[in-house]
Amino acid sequence: MSRRKDNVALVCDIGELAGLFEKSVNLDDFLQNAASIVAYHMKAAVCSIYIYDAEERMLILTANQGLNPDAVGRVRLKPGEGLVGTAFEWQRPILEARANRNPRFKFVPGTDEERYEAFLAVPIVRGLAPLGVLVVQDPVPDYFDDNDARALATIAAQLATTIDNAKLLMGLRDRQAASADADAGPSDLRYIKGAAASGGHAHGRAVVLGVFEEQRPSRPSTLADFRRALERTESQLAELQRAMEERLADVASMIFSAHLLMVKDTEFSGQMTALIENGLAPEAAVAKVVGEYVRIFSASPNARLREKVQDVRDLGRRLVQNLREGPETTPDYRGCVLIAGELMASDIVKLAAQRAEGLLLIGGGVTAHVSILARSLRLPVVVAEDRRLFAVPAGRPILIDGDQGTAFIDPPEDLVRKYAELSAVRAEAERLGAECPEVATTIDGERVHVFANINLLSEIAVARKMNAGGIGLYRSEFPFLVRNDFLAEEEQYLIYRRILDGMGGRPVVFRTLDIGGDKMLADYPWVHEANPALGLRAIRFSLRNEATFAQQIRALLRAGAGADLRIMFPLVASVEEFARAREAVARCARDLGAEGIDHNPCPRLGVMVEVPAAVEMADELAREADFLSIGSNDLVQYLLAVDRTNEHVSDLYVAHHPAVLRAMKRATDAAIARGKPISLCGQMASDPRMLPFLLGIGIRTLSVEVRQIPALHKAIAAIRADDARRKADALVRMGRAGDIEAALGV
Ligand code: PEP
Ligand code: MG
C-alpha cells in the first residue's frame, strides 16, 4: 500500500499531467495516456475514464487501461446506472471490496471484467460542473482503501482542470481549422434554433461582417479603379448621411461621420495606394490596411476607438464592392442577411440604413435595447450561439425568422414561398390598422385606450397611421444610445418638439433617460459596475447627474409649451426619489420662467412601477404622482431576480408568475383607490392571453409597439370586461404558474 501512496504523490504532480497534455494529439489521446499513468501509479489492473456528454446525457467510456480496447466509445451509461453512474449522480466516491458481487455493478460487455473484485470510482468535477468518473479496479478483493480514495479524488480534481482546459483549447484549434477552411463552410448546418430578438423575417444572401467576400472580379482591377472606387464610396456615404438626416434625424446626426472621415483620410487611402503601386491587387491592399486598422482599434484601451471597428470593416467592404461594381454587386446590404458578432446600437442603425434585410447575431446575448431598436427599425434579428455560422460562405441563401428565433441555410423553395405569403398577410393586417378607432371597446362597452411605445422619431408616422390614442412610452434614451453620447438641450428640444407636433395634440408620455444597466453608453464611468442591473441606472443616474437631468427636463418643458406634456421617471424605488425628481422639474420651470423662455410650467408627472419597492410603495407613490405606468419588462426581472437578457435563465423569466400578477394587481388597486390613472407599457400589454387579467384588474390604458396596435384592438373587442374581472379574481388566488398557464392558455 505504501508503495502505491508514494507513486500517487507522483501522479499528483500537475506537471506530469500537463506534460501529457502537450504530447497528446487530442482529448481522447490525452485521457488514454492519463488512464495508463493512473493505472501504473496505483498499481491497479484497470483504470477507466468516463466522460459525461451533456447533450446526450450519457457517460461514455472514453479511455481505458486493462480492459478490451474495443469497449472504448461503446460503453455508455446513464447517470445513476451501475456503480459508475451512481458515483456520477451522487457526486461521491464509491469504494467496494468485492464489487462483482454487488447487484448494481454493470459489467462492460465483451471483457472479463467480472474477475475484478476491488472497485473504486470518484467523480470528476470542475467547479459545480460534473465532467465524468475516474475508476480503478483490481482482481485482489479489498485492494483499495480510504487513502486510495482520497488520492484518486485528488487526481480526479487535477484531471478535471486539464480536461476542461483541453476541451477549450482543442475546441479552439477545431474552430481555427474550421475558419481556415471557410470555403468549405459548415455543410451540415441547415437549421439553427436561436432566440427571437426582433420580429419579421428576412431572406437573402449571407454576408459575414468582417470577412471579405472571396469571389474575384471579372477582370483584374487597377490603381485607377481603386481611385474611382474611393470617390464613389465617398459620394455614396455623403448621400447615405443626407438620407439619414431626413429619415432618422433624432439618432442619425453624423452617424456615418467616421466612415466619411476615414475615406477622406489620405493616410488611410495612401497606405492602400502605396501597396497597390508595389504590385498588390487593390482588393488585397484594402483588406490588408483595413485588417491593420481593425487590429489597432480592437486593441485600443479607448472605448471610443474600439467602437470604430465595425465602421472600418464596413468601409472596407464598401470599397471592395465598389471596385467590382457591376450588375451583380451593390455597395450596400440590399438582399443580404448579415451574420455578425456583438454589435452596438449605432451599428444596427447603420446596417439598417444600408438596407440590410436581417441580422443573425452570434453569441454574447443581446441587450434589451439593441433588440428594441431593431424592432423600431423593422430589422428582423435572430440571436444564435453556434459559432460555425461565421464560416457560412458569402452569398449562400439564408432565411431568418425573427418571431420564432430560427434560421435556415439554403432554405427549400416551399419554405421561402410560405414566408412570402406570410409577408402578404402581415401587410394586409397593417393596412387594417389604419381603420382602428381611437379608443378600443370591449363587448360590454368598456373603453380601453391603446397607445404606442416609440423609440425613434420615424415611428410617429406609423403611430398616426395606426390611429394610436397617444404615445404611452417614448424611450428618450435612444438618441443617446445610438449616438453613444449625451445630447445638448437644444438637440433634445428639437426631437421632443417634433414628437409632440407629430402627435397633433394627443398625449405623449416622455420617459426620462433610462441609461445604465444593459443600456450603456461606451466610456462612461459606471461601465465598470460589477452588477449594473442593480447599479447607477435610470432615475438614479439622473438624480446623481443634475446638469444632465436639468438639460433634459428643460428641453421637455420647452418642447411641451402649450401641449399635454407628461413626464415619467424610470426605476423609481422610493417616494424620496420621486420627490427629488419632481423638485428638479419645479426648479427647471422656475429657471425657464426667470429666463423668460416659453415652457410648460406644470406637466403631469408619473412613476414607472418596475421594481418591487415601487409595488410596496404604490399607495404613497400614487398619492404623490399624477399617474403610474407598469413597466412589466423590468418588474418581472426584479421581482423574480431573473436577468431579462440572460438566455441561460430565460425559462425562469415567467411574466405570468403568480408573484407578478399579484404585484400588478396591488399597484393597480392602489392607483384606482387614489383616483390616479395607471397604464401598462411593458411587453406583456401585447400578449392577448394576458388581456383578460389586465382588463380584469382594472387597467384601461395599454401601450404597445406600434405594429401591435391592430391585433390589440381586435383582442379587446373580443372580451367581456365583467368576465375578465371574474377571471382576474381567480387568477390572483392561484399559487402556481402552471395553474395560471392552464387558465390563460399560455
Ligand atoms: C419595462 O421595463 O417594462 C419598460 C417598458 O421599459 P424598458 O423595456 O425600456 O426597460
Ligand atoms: Mg424598464
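The values are calculated or read from the model by the stated rules, or taken from the named source; none is laboratory data. Keep in mind it's a predicted model, so treat the numbers as computed, not measured. Here Cβ is always computed from backbone atoms with ideal geometry, including for glycine, and neighbour counts include all displayed protein chains. To get the accessible areas, we keep the full protein, side chains included, count just its heavy atoms, and leave off ligands, DNA and RNA. Shrake-Rupley method; radii C 1.70, N 1.55, O 1.52, S 1.80 Å.
Only a single criterion out of (1) more than 18 Å from ASN453 (Cα to Cα); (2) at pLDDT 95 or above is not satisfied by PHE510, namely (1). Scanning the stretch 618-636 for residues that are touching a helix residue (DSSP H, G or I) at 6+ places or on another chain (Cβ under 9 Å) and away from ligand 2 (no atom under 13 Å from the Cβ) turns up ALA618, ASP619, GLU620, LEU621, ALA622, ARG623, GLU624, ALA625, PHE627, LEU628. Counting only residues that are in contact with a Ser or Thr (Cβ under 9 Å, 6 or more places away or on another chain) and open to solvent by 50 Å² or more (accessible area, probe 1.4 Å), the stretch 469-494 holds 3 of them. When LYS264 is tested against (1) under 30 Å from LEU389 (Cβ atoms); (2) of a type in the set (D, E, K, R); (3) over 26 Å from the mean Cα position of the chain (by Cα), only condition (1) is not met. Mind counting the residues in the stretch 443-468 that are open to solvent by 10 Å² or more (accessible area, probe 1.4 Å), assigned to a loop (DSSP other than H, G, I, E, B) and either touching a Lys or Arg at 6+ places or on another chain (Cβ under 8 Å) or within 19 Å of SER371 (Cα to Cα) (or both)? The total comes to 5. Evaluate the stretch 706-717: report whether one residue or more is open to solvent by 10 Å² or more (accessible area, probe 1.4 Å), in the same structural domain as GLY738 (by TED's automatic domain parsing) and either outside any helix (DSSP H, G or I) or farther than 20 Å from MET466 by Cβ (or both). Scanning the stretch 706-717, I find no residue that is open to solvent by 10 Å² or more (accessible area, probe 1.4 Å), in the same structural domain as GLY738 (by TED's automatic domain parsing) and either outside any helix (DSSP H, G or I) or farther than 20 Å from MET466 by Cβ (or both), so the answer is no. Of the numbered criteria (1) within 13 Å of ligand 1 (Cβ to nearest atom); (2) touching a Lys or Arg at 6+ places or on another chain (Cβ under 6 Å); (3) small (Gly, Ala, Ser), the one ALA622 fails is (1). Confirm whether GLY85 is over 20 Å from ALA129 (Cα atoms) and within 39 Å of the chain's Cα centre (by Cα). Judged against the criteria, GLY85 is not a match.
All of ARG644, ARG733 fail the test of being charged (D, E, K, R) and over 30 Å from ASN531 (Cβ atoms), apart from ARG733.
None of VAL615, VAL585 is open to solvent by less than 30 Å² (accessible area, probe 1.4 Å) and within 16 Å of ligand 2 (Cβ to nearest atom) except VAL615. Checked against the criteria, ARG306 counts as modelled with pLDDT under 85, assigned by TED's automatic domain parsing to the domain that holds LEU237 and not aromatic (Phe, Trp, Tyr).
Restricting attention to the stretch 1-54, which residues are modelled with pLDDT of 55 or more, surrounded by fewer than 21 Cβ atoms within 10 Å (Cβ to Cβ) and over 40 Å from the mean Cα position of the chain (by Cα)? Result: GLU16, ASN33, SER36, ILE37, ALA39, TYR40, LYS43, ALA45. Taking first residues from the stretch 564-591 that are in contact (Cβ under 8 Å) with a residue 60 or more places away in the chain and on the phi > 0 side of the Ramachandran plot and partners that are within 16 Å of ligand 2 (Cβ to nearest atom) and assigned to a strand (DSSP E or B), the Cβ contacts under 9 Å between residues at least 6 apart in sequence or on separate chains come to LEU571/GLY516; LEU571/MET608. So is PHE390 among the aromatic types (Phe, Trp, Tyr) and either in a loop (DSSP other than H, G, I, E, B) or open to solvent by 50 Å² or more (accessible area, probe 1.4 Å) (or both) or not? So PHE390 fits the description; yes. What number of residues within the stretch 549-576 are more than 14 Å from ligand 2 (Cβ to nearest atom) and farther than 12 Å from CYS588 by Cβ? Of the residues in that region, 10 qualify.
Which of the residues belonging to the stretch 666-689 are modelled with pLDDT of 95 or more, part of a helix (DSSP H, G or I) and open to solvent by less than 70 Å² (accessible area, probe 1.4 Å)? Those that are modelled with pLDDT of 95 or more, part of a helix (DSSP H, G or I) and open to solvent by less than 70 Å² (accessible area, probe 1.4 Å): ALA667, THR668, ASP669, ALA670, ALA671, MET684, ALA685.
Between ARG674, ARG689, the distinction of being over 30 Å from CYS602 (Cα atoms) and away from ligand 1 (no atom under 11 Å from the Cβ) belongs to ARG689 only.
Taking the criterion of being more than 10 Å from ligand 2 (Cβ to nearest atom) and within 16 Å of LEU680 (Cβ to Cβ), the residues of the stretch 637-656 that qualify are LEU639, ALA655, HIS656. Residue count for the stretch 201-235, restricted to those that are farther than 30 Å from ARG378 by Cβ, in contact with a Leu (Cβ under 9 Å, 6 or more places away or on another chain) and at pLDDT 90 or above: 5.
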